[in-house]
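Below you'll find the structure, written out as structure tokens, and then a few comments.
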Number of protein chains: 2
Amino acid sequence: MKSERLIYLPLGGAGEIGMNAYVYGWGAPGKERLILIDMGVTFPDMDGAPGVDVIMPDMTWLEQRADRLEAIFITHAHEDHIGALGHLWPKLKAKVYARKFTGTIGRLKLDEMGLPLDAITIVEPRPAVVEAGPFQVQFVPLSHSVPESAALIIDSPGGRIVHSGDFKLDRSPVVGEPWDDAAWEAIAAEKPVKALMCDSTNVFSLHPGRSEATLAEPLAELIRNSHGMFVATTFGSNVARLKTLAEAAVAADRTICVMGRSMKRMLQAARETGVMSSFPRVVSPDEALEIPRRNLMLLVTGSQGERRAAAAALSRGKYLGHEMKTGDTFLFSSRTIPGNEKEVGRIWNALSEKGVRVVDDAGGLYHVSGHANRPDLEHVHRLLVPDMLIPMHGEHRHLSEHARIATEGGLTSLVTVNGMMLDLTGEVPKVAEYIETGRIYLDGTILIGALDGVIRNRIRMALNGHVLATVILDENDEPMGEPWVEIMGLTDRGKNGSLLAETMETELGEWMERAGRKVLKNDDKVEEELRRLIRQIAVEEIGKKPEVTVVISRLMLE
Amino acid sequence: MKSERLIYLPLGGAGEIGMNAYVYGWGAPGKERLILIDMGVTFPDMDGAPGVDVIMPDMTWLEQRADRLEAIFITHAHEDHIGALGHLWPKLKAKVYARKFTGTIGRLKLDEMGLPLDAITIVEPRPAVVEAGPFQVQFVPLSHSVPESAALIIDSPGGRIVHSGDFKLDRSPVVGEPWDDAAWEAIAAEKPVKALMCDSTNVFSLHPGRSEATLAEPLAELIRNSHGMFVATTFGSNVARLKTLAEAAVAADRTICVMGRSMKRMLQAARETGVMSSFPRVVSPDEALEIPRRNLMLLVTGSQGERRAAAAALSRGKYLGHEMKTGDTFLFSSRTIPGNEKEVGRIWNALSEKGVRVVDDAGGLYHVSGHANRPDLEHVHRLLVPDMLIPMHGEHRHLSEHARIATEGGLTSLVTVNGMMLDLTGEVPKVAEYIETGRIYLDGTILIGALDGVIRNRIRMALNGHVLATVILDENDEPMGEPWVEIMGLTDRGKNGSLLAETMETELGEWMERAGRKVLKNDDKVEEELRRLIRQIAVEEIGKKPEVTVVISRLMLE
């Protein structure tokens, strides 16, 4: 036994908020039997990955060891935990375990990609146990901003690990099970917790988190006191919030209409799986047109300003026959994720132009976070008293702050980022190895490596513009006709008002005339020289250094 | 006199936070004599204007009426008020008036562009009066986050206007004159205020603003209790903050070193113009290397995460011989402007990886805003009791909220956005006309219109990639050789592993073979068909619809 070890390896999610993927293993070094927790995505932006659809962890390391992978566990149905399932499962092909709601969402993803739905096995929460090689895994229900989030108890010959997943301490969560101190004390009493891998998202929020139930009254009052149409947005997966909003609407004599595919899908899954016992009657957008504005509430997707979602559509004008106007109210029952401020502001401003009253959560009345705040994290540390606390689900600053408060609380802690494999076997965590990790992009229908240079070229064209030059040479390396220049993404006239392409064509042509045959027979040389000339002219004429593509055609005329 | 009118026309800054430019006029309709307040820029981002240097208001309307422009007034030295001076002054060529500090910064800008420094006339504050055609203009000192910000009193035959500029109510501002209720009461008593054009930036901040002086003690305590090197960042133009930070450092036995051109420039201007009476001794980065870390404080630029500024450089590694490490402290004595969260987070995370303790203003201890909060705005409304309150310096949501609170306070108000010309002559503001306005981009050394399509093409290339195809035809419209395809910003292999460019070349070649002479002699037709084919193949092979450039060369071989 001595030579066996318990390892932990984050492939995504440790050093970022997004694309969670954590590996655990038990066995002789290099022969550990493995399990994977979560397969998440993260979302691209124009700065880093323009045009990319989603970003996923590079799982090459795990793919190469797929024969040692016993199982995959999905903690909950948020995209940053389940979004890569349809894309990456074919590379791993291990059995996937999830609770019912999560599994239902997961199967929709498999179905979209034409994958077998029985790849996912639905499991009951603790005390049910999934055997996965040397591991026994239990799902422990926890509150989060999606139904049926779960922590995992991972028992192995190396000891008990608690993998928190995403969670908050909510003793009245509207949907799902309340937080239960006693249950967690029992977990720690049953078997000492060797390691707690713990959500770090809200470590900088210094006050204790509030319960979902505290929103009911403020929301009811806001809706009751609004006169025209009432439109509310939140994450589609926040079923508890949708229920709170819908019930407040009914109390204010309003009928509910849901707009947005992801929200409808989540509500349907919540109904089918029985996680939500009741939900007010919902009408279609068409039926809603017959209802007086002041008796209507629209629940819409797009709380983060997504351009194609219902909220953005309504801010631009008519959507499914409905249009907002003076006297209506729009509520962001949500927090703006850092980086989305401009998109959210765009919707707010557009609605403001229509005379719509916009209410956000600035006062903290209409939204609560789904993650445990600092005092809540400290409470969990004290309940479980793990031998080691490993922060996860956070940028480096969150992880290091979490480690700091854990250490101050008397726990052993280590900041662990993607690719750092820890050996947890001993009394303190040790770095066993550094694994090459990274990101892969879904770009259209193709997966590409983040470092392949494809996206770098797109960014460069966006910053610098693109010039292409074609020249034709005959079998004697003599230029045929004049060089031709096309410009994309640059002004067409230079500083003196002359056409930039013409200036370039003239100067390239002159260079071709001057260049000797020895130079012209060498494609590399011609390309290099034409690129240099084009850049030089662009800098002189417009102050930019464009990307350049040179096409040299050589015609054999026999 | 009856046929003369007093007009107000925002060209920038009304409906956005940035690129301020406001026109006032007095005279017969279409013959008003004009003045311009401020010439600001706004900063581009990858989403909206990749590769662009700065964004400025389109002043075409004013350029066409430059003969009627009496003068330009600059309220203060922030880029969103003065940044376009060097770029757009040559199109207007009117006399520019500013207070000493602002004028000094303005002259640096003129100098950089080789423009005459005497375009700027330095003026003393009220009671000094600048005569500009029908207008008498006075500068009234106000506190803001840069020295010598000023409101303007604009008297005309049409009445008195107060143009607030950017301001806060600070009764102990560290640098500059304290807010003075009595002085403002006197201004309103002297002559009734017809219209107050008023800063709306902080209308959503519900508590009264705090004074710059309240920061001295918390900052001193923080610096005193820090052990290693202390690095602080704030806006370079926030001279009062720099002074507070520097004095706290000296009290903690630290020597100050300033890094970053803009910060040095502002401090120098503050010294030269006498706006800052004293500032502790500053050493060079080289000299600072000789000082023990715990006796050193670096003041650095880059509080918004700018990649080329000192803060970002220090987060990446060694900068001017200095490197941060475990035990050091980094302070953001600033607020992150919405949209810059990711860049600021990047610096924070990089410093966190080095073991540096990062302190931001989450607790509100280490930064105060330079703009008046809602209660402060309401106080000013009550002091001046203008006939009309026109909100400016805000996005639409800020303007409409500001108008709402003004109306609730009993004032007449109207939301006015860029291009809306108001007639202020009567008792209530009336929309006189809509002027075409917009944005122009400085892209390299060329000014381009935001709607010229140049930047749209850059964005499209960033999202979709760029494919170029060249085909050569002879004088009989016969293809010569095979089509050639180059791909930029797309993966080079399609779904079946074949080279995308080759697949395209083959299919384009086959099409050329099949196409009859009638088609091939028509460049437009060939281009259209090749573009369609390329897109179709790209969608099939990689799921993307690229930008396409087709070059058709026709060779005359006689």
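Values in this text are rule-based calculations from the coordinates and carry no lab data. Here the structure is a predicted model, which is why all the values come from computation and not from measurement. Every residue, glycine as well, gets a Cβ built from its backbone with ideal geometry; the counts of neighbours run over all protein chains shown.
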Among A:LYS109/A:LYS264; A:LYS31/A:LYS430; A:LYS243/A:LYS264; A:LYS91/B:LYS495; A:LYS544/B:LYS342; B:LYS495/B:LYS544, the pairs whose Cα-Cα distance exceeds 20 Å are A:LYS544/B:LYS342
Taking A:453-465, A:147-159 and ranking on average Cβ neighbours within 10 Å, highest first, one gets A:147-159, A:453-465
The simple spin-label model distance between A:SER498 and A:ASP67, using points 7 Å out along Cα→Cβ, in nm, is 6.8 nm
Averaged over the residues of B:479-492, the number of partner chain Cβ atoms within 10 Å of each residue's own Cβ comes to 5
Note to self, chain A gives a 222 nm [θ] from helices alone (DSSP H runs n ≥ 4, -39500 (n - 2.57) apiece, / all residues, nearest 500) of -9000 deg cm²/dmol
One decimal, nm, nearest first: from B:ARG532 to the same residue in each other copy, label points 7 Å out along Cα→Cβ, the values are 4.4
Output for region B:252-317: trypsin sites (Lys or Arg not before Pro) sitting in coil per DSSP, at most 15 other Cβ within 10 Å, listed by number, reads B:ARG281, B:ARG307, B:ARG308
per DSSP, antiparallel bridges as share of beta bridges in region A:212-364, % nearest 5, sits at 5 percent
Least to most buried among A:TYR8, A:TYR366, by other C-beta atoms within 10 Å and fewest first, runs A:TYR366, A:TYR8
The answer for GluC sites (Glu not before Pro) in region B:297-377 that fall in a DSSP coil and have at most 13 neighbouring Cβ atoms within 10 Å is B:GLU323
Between B:ARG210 and A:ALA213, the two model label points (7 Å from Cα along the beta-carbon direction) sit apart by a distance in nm of 3.6 nm
Per the charge dipole of region B:212-364 (beta-carbon charges, Lys/Arg positive, Asp/Glu negative, Cα centre), the residue among B:PRO292, B:ALA311, B:THR255 reaching farthest to the positive end is B:ALA311
Over all directions, region B:212-364 yields a Cα convex hull whose mean projected area in nm² is 8.3 nm²
Once both label points are put 7 Å beyond Cα along the C-beta direction, the B:GLU482-A:ARG382 separation in nm becomes 7.4 nm
Partner shielding of B:544-557, as the mean number of partner chain Cβ atoms within 10 Å, equals 4
Taking R0 as 25 Å and r as the Cβ-Cβ distance between A:LYS31 and A:VAL428, the FRET efficiency 1/(1 + (r/R0)^6), rounded to the nearest 0.05, comes to 0.60
Sparse-neighbourhood loop hits (GluC sites (Glu not before Pro), region A:370-435; DSSP loop; Cβ within 10 Å at most 16 others) -> A:GLU427
Non-local residues with an amide H under 5 Å from the amide H of B:MET420, with H modelled 1.01 Å from N and Pro and chain starts lacking one, are B:ILE435
For chain B, shape from the Cα gyration tensor axes a ≥ b ≥ c, cut at a/c of 1.5 then a/b versus b/c, turns out oblate
For region B:440-558, shape from the Cα gyration tensor axes a ≥ b ≥ c, cut at a/c of 1.5 then a/b versus b/c, turns out oblate
